[in-house]
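Participant: What follows is a structure written as structure tokens; I'll ask about it next.
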Amino acid sequence: MERDHWAREAIFFSANETSLMLSDEAQKQFHDEGYLVLERLISGDKLDHYLAVFDELVKRSKHVPVDTPHWSFEIDEEGQQIPGFLHKIQGVCVLEPRIVALAKESEILDRVAPLIGPDIDVFGTKFFPKLPGGGTSVFWHQDNFYFGTNTGQVVSCAIYLQDADRENGCLRVVPKSHKSKVIAKHHRNPNTYGSWVQIDESDAIDVEVPRGSVVIFSANLLHGSHDNRSNRTRYCAEWHYTPADLLLERFPRDKIKDRHNVREI
Ligand SMILES: O=C(O)CCC(=O)C(=O)O
């Protein structure tokens, strides 16, 4: 396991250590800690290609009116969306089909398949650009709270297209918090996006990663992220893999546009 300056708190696995099938050690880390950092999994021209597509979307967002489906903008102190200050594109694979290819990349699916089987759907696709000047993504939460389940069969996946650190808003996780399978009480503030859980932050770690890294984690894991206090962007695509035959009442296979089969046997 490589330990470089990025691995301040989280445990990292390089692409070699997890190639094709996940090593036993990597699977153990996923099951014991609830997350796995796959360092620099997407690289070279491939990474540049996806970055360029996301750049196009950010450019386009400057002219998208508030309240356009898929697009949401950062919120000001009065609770109003700020035109042009992109927060999130929900259903990014529906809005921009070129991103479906990223969800299908074998570098990712070869490592997800040992955890949930070979027939895989992805759902709930989103893009957080986390723009400079206060860009945000999520508060402390468990993804399964939104899915109405506590199944261990949903593997969430965050792909960091750019370096992500404390200053520009890296992911934060509470290791092992997936184990109880209890969905914590989530609070809601109408002037912000998403719900949040009160946690003891001393249990949390920062997951600072270099560009191209992919973090996979249990949908029961408590996680959140820092806001962007830097002058850099922090692009992240995030979604959820599930066995294709898993029934999720809120995400029925044939009714939801943003559920895509990404691998079949
Ligand atoms: O913004 C991030 O770093 C991760 C986003 C996330 O985990 C989520 O949308 O649940």
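All of the numbers you see were taken from the coordinates with simple rules; none came from a lab. Bear in mind that the values here come from a model prediction, so they are computed numbers and not experimental data. Because the Cβ atoms are built from the backbone with ideal geometry, glycine has one as well, and the counts that use them run over all protein chains shown.
Participant: Could you go through the range 121-136 in sequence order and give the Karplus-derived ³J(HN,Hα) for each residue, using 6.51 cos²θ - 1.76 cosθ + 1.60 with θ = phi - 60°, rounded to whole Hz, and x for Gly and Pro?
Facilitator: Running phi through 6.51 cos²θ - 1.76 cosθ + 1.60 with θ = phi - 60° gives 10, 10, 8, x, 7, 8, 10, 10, x, 6, 6, x, x, x, x, 10 Hz.
Participant: Go through M21, P118, V58 and say which Cα lies farthest out towards the positive end of the charge dipole of the range 7-128; charges sit on Cβ, +1 for Lys and Arg, -1 for Asp and Glu.
Facilitator: Checking the options against the dipole of the range 7-128, the answer is V58.
Participant: List the aspartates and glutamates whose Cα sits under 14 Å from the Cα of K130, skipping any in the same chain fewer than 8 residues away.
Facilitator: Those aspartates and glutamates meeting the cut-off are D55, E74, D163, D165, E167, D227, E238.
Participant: While we're looking at this one, here's another question. Taking the Cα centre of the chain as origin and charging only Cβ (+1 Lys, Arg; -1 Asp, Glu), how large is the dipole, in debye to the nearest 20?
Facilitator: For the chain, the charge dipole is close to 540 debye.
Participant: Still on this structure: HN-Hα J couplings of the range 231-242 from phi, Karplus 6.51/-1.76/1.60, θ = phi - 60°, integer Hz, Gly and Pro as x?
Facilitator: Once rounded to whole Hz, the list reads 9, 10, 7, 9, 6, 9, 9, 9, 7, 9, 9, 8.
Participant: Find which of H223, P210, Y35 sits farthest along the positive direction of the dipole of the chain, computed with +1 on the beta-carbon of Lys and Arg, -1 on that of Asp and Glu, about the Cα centre.
Facilitator: H223
Participant: Something else now. Once amide H atoms are placed 1.01 Å from N in the peptide plane, what residues at a sequence separation of 5 or more from S14, or on another chain, have their amide H within under 5 Å of its amide H?
Facilitator: HN-HN under 5 Å from S14: E2, E39.
Participant: Given a 10 angstrom Cα cut-off, can you work out which residue in I216, I159, I116 is the most mobile in a GNM of the chain?
Facilitator: I116
Participant: From the square roots a ≥ b ≥ c of the eigenvalues of the alpha-carbon gyration tensor of the chain, which class results: rounded (a/c under 1.5), prolate (a/b over b/c), or oblate?
Facilitator: Rounded, since a/c falls under 1.5.
Participant: If I take every Cα pair under 8 Å that is 6 or more residues apart in the range 1-117, average their sequence separation and divide by the length, what percent do I get for the relative contact order?
Facilitator: Numbers: 112 pairs, mean separation 28.7, N = 117.
Rounded, it is 25 percent for the range 1-117.
Participant: What lysines could a cross-link reach from K28, if we take a straight Cα to Cα line under 27 Å and drop same-chain neighbours fewer than 8 places away?
Facilitator: Candidates past the 8-residue exclusion: K104, K176, K179, K181.
Participant: Could you tell me the relative contact order of the chain? Use alpha-carbon pairs under 8 Å, at least six residues apart, and round to a whole percent.
Facilitator: 28
Participant: Report, by chain and number, residues whose modeled amide H sits under 5 Å from the one on R253, excluding near sequence neighbours (fewer than 5 apart, same chain).
Facilitator: Those qualifying (amide H under 5 Å, at least 5 residues apart or on another chain) are L248.
Participant: Turning to a different aspect of this structure: Would you please give the residues with an amide H less than 5 Å from that of R263, counting only those at least 5 places away or on a separate chain, with H modeled from the backbone geometry?
Facilitator: I120
Participant: Next question. Which ³J(HN,Hα) values in Hz, rounded to whole numbers, follow from the phi angles of the range 96-101 under the Karplus curve 6.51 cos²θ - 1.76 cosθ + 1.60, where θ = phi - 60° and Gly and Pro get x?
Facilitator: Result, rounded to whole Hz: 10, x, 5, 7, 4, 4.
Participant: Now, a different point. For the residues W239, W71, what sequence is obtained by ranking on other C-beta atoms within 10 Å, fewest first?
Facilitator: W71, W239
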